[in-house]
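The structure under discussion appears below in the form of structure tokens.
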Amino acid sequence: MEYNKEVVNRLKRIEGQVRGSLRMLEEQEECKSVVTQLSAIRSAVDRTIALIVSKNLEQCLINDLHEGRETSKAVNDAVELLVKSRK
């Protein structure tokens, strides 16, 4: 799968958020602020995972339809990836 600039930019933003969280810890920021930032990071990671899985699923479905194959396996694999990412 080819990852586009949108995915890379999301991960760079997450990287910046993680660095910011580390700085917050070093500066002894209050718990609520740190947890809020960590929650934002988790949400951003979840959205990035969903984007990657959806783009991959889209490509798999196009390939399967083009090749005349059943598409249910690609859908099931995508759902499994999403479920696995939440464990």
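The values are calculated or read from the model by the stated rules, or taken from the named source; none is laboratory data. Here the structure is a predicted model, which means the values were calculated and not measured. Backbone-built Cβ (ideal geometry, glycine too); neighbour counts: all protein chains shown. Only protein heavy atoms, including side chains, enter the accessible area calculation; ligands, DNA and RNA are left aside. Shrake-Rupley method; radii C 1.70, N 1.55, O 1.52, S 1.80 Å.
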Residue satisfying all of: in region 1-21; more than 29 Å from Leu61 (Cα to Cα) and without any contact (Cβ under 8 Å) to a residue 24 or more places away in the chain; nearest to the chain's Cα centre (by Cα) among these
Glu15
Determine whether region 22-29 contains at least one residue that is without any contact (Cβ under 8 Å) to a residue 60 or more places away in the chain, among the polar types (S, T, N, Q) and assigned to a helix (DSSP H, G or I).
no
Could you check region 25-66 and list, in sequence order, the residues that are among the aliphatic types (A, V, I, L, M) and open to solvent by 60 Å² or more (accessible area, probe 1.4 Å)?
Leu25, Val35, Leu38, Ile62, Leu65
